[in-house]
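Right, one structure below, let's go through it.
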Amino acid sequence: MSVPALFSLAGKAVVVTGAGRGIGRGIAESLAQCGARVVLAGRSPVPLRETQHALEVAGAEAMTVVGDITRADDRARLLQAALDRFGYVDGWINNAGSAAPEDVGPLDTIGEAQWDRVVDLNLKAAFFASQMAAHAMSRGGAIVNITSRSASYPNPGTGHYGAAKAALENLTRTMAAEWGHRGIRVNAVAPGVVMTEELAKTFNTPERIQRQVDTVPLQRLGRPEDIGPLCAYLVSDAAGWTTGALIPVNGGSFVPMGYLSYLNRVKRARV
Ligand SMILES: NC(=O)c1ccc[n+]([C@@H]2O[C@H](COP(=O)([O-])OP(=O)(O)OC[C@H]3O[C@@H](n4cnc5c(N)ncnc54)[C@H](OP(=O)(O)O)[C@@H]3O)[C@@H](O)[C@H]2O)c1
């Protein structure tokens, strides 16, 4: 007797935004490992095509769609390209998000243009992409929003980013409530500090890293491959009774990176 796997994504087409690097690439790899057909989206073609190549070499079906997720026409083109190739979209992962170095700072210095860029990407784009995907999911589907531990805690230096992620978590629950009767599940995954190529450019002193690691019961920072397995599960039919869930994946640490740095700066200013 062979025991069937608990879940498989074979035959399911899943869109991942921001899939060329970091957590998004890790999510794409996990989905592919579970048999999904993966639609890789982002602005830079080269890392997307590299990810596509790696997935295809491993035997998965994948395609790349280049575009800016904050633009309504690019979002529509992304959905249409996925439908043209695979006929249906079963899953949509809103992963693209960040706060660029030029857009961060204490709340008393944040200007409207910085606010708009951060909130447009981390909240508005994720919401309207979800709304668009849900319209296309006529026989049901699953949406996963990648939020952040910053959604739930004070986040000096990136307060507007935390506020956008908090709003996305709240919307996740309302989307789950409004769309559940159509068979559409909407969940959020909230990573702690995940060491990506991008983060390593600024989060790069051994002392700073160790200070953060010291807050993690599992004694290490996250890796891009730590987030994808949960996303794959949430897209799968095995998660068929899970919606409106906000799930932390953070090694057990609930201390935000920005808060820790801020407290340290305050301490240094006092001595
Ligand atoms: N790393 C962490 O510690 C951490 C912690 C908590 C939450 N998160 C969240 O996890 C998600 C992934 O973060 P990450 O650290 O992996 O980020 P990352 O390394 O900076 O990657 C972000 C991805 O999003 C894409 N992207 C950015 N702006 C875009 C836009 N306007 N349109 C389309 N794609 C866009 C980027 O590609 P292009 O630039 O080529 O478009 C890139 O592929 C984000 O939502 C982030 O807020 C990360």
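Quick note: the coordinates plus some simple rules give every number you see, no bench work behind them. Computed from a predicted model, the values in this text were never measured in an experiment. Reconstructed Cβ throughout: ideal geometry from the backbone, glycine too, with neighbour counts over all protein chains shown.
Using 0.36 nm per residue, how much length does the chain from Gln219 to Glu50 gain when fully extended, once their Cα-Cα distance is taken away?
Details: separation 169, 0.36 × 169 = 60.84 nm, distance 3.14 nm.
Length gained, Gln219 through Glu50: 57.7 nm.
Tell me the mean residue ellipticity at 222 nm calculated for the chain from its helices only (DSSP H runs of n ≥ 4, each -39500 (n - 2.57), averaged over every residue, nearest 500). If you can, show how the numbers build up before the last one.
Details: 10 runs with 117 residues, N = 271.
For the chain, the value works out to -13500 deg cm²/dmol.
In what sequence do Ser8, Ser148, Ser236 fall when counting other Cβ within 10 Å, fewest first? Before the final figure, lay out the partial values.
Details: Ser8 15, Ser148 30, Ser236 23.
Lowest count first: Ser8, Ser236, Ser148.
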Original post:
Amide H neighbours of Gly18 under 5 Å, counting only residues 5+ apart in sequence or on other chains, H built in-plane at 1.01 Å?
Top reply: Ala41, Gly42, Ala96
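If you rank Arg270, Arg149 by fewest surrounding Cβ atoms within 10 Å, what's the result? If you can, show how the numbers build up before the last one.
Numbers: Arg270 6, Arg149 23.
In increasing order of surrounding Cβ atoms, one gets Arg270, Arg149.
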**OP:** Evaluate the distance, in nm, between pseudo-label points positioned 7 Å from the Cα of Arg43 and of Arg85 along their respective Cα→Cβ axes.
**Re:** 2.1 nm
Subject >> Rounded tilt (10° steps) of 125-136 against the dominant C-alpha axis of the chain >> reply: 10 degrees
Original post:
Among 227-233, 110-116, 67-73, how do they line up from the highest to the lowest mean number of other beta-carbon atoms within 10 Å?
Top reply: 227-233, 67-73, 110-116
Subject >> 19 Å cut-off, amide nitrogen to a point 7 angstrom out along Asp74 Cα→Cβ, residues in region 120-140 >> reply: 120-133
**OP:** Take every Cα-Cα distance within region 139-213, group them into 10 Å bins from 0 onward, and report for each bin the whole-number percent of pairs it holds.
**Re:** 18, 37, 27, 14, 4, 0
Original post:
Amide H to amide H under 5 Å from Val104: which residues, 5+ apart in sequence or cross-chain, H placed 1.01 Å off N in plane?
Top reply: none
Subject >> Rounded tilt (10° steps) of 22-33 against the dominant C-alpha axis of the chain >> reply: 30 degrees
Subject >> Amide proton proximity set for Ala142, modelled H, under 5 Å, gap of 5+ >> reply: Gly91, Trp92, Arg185
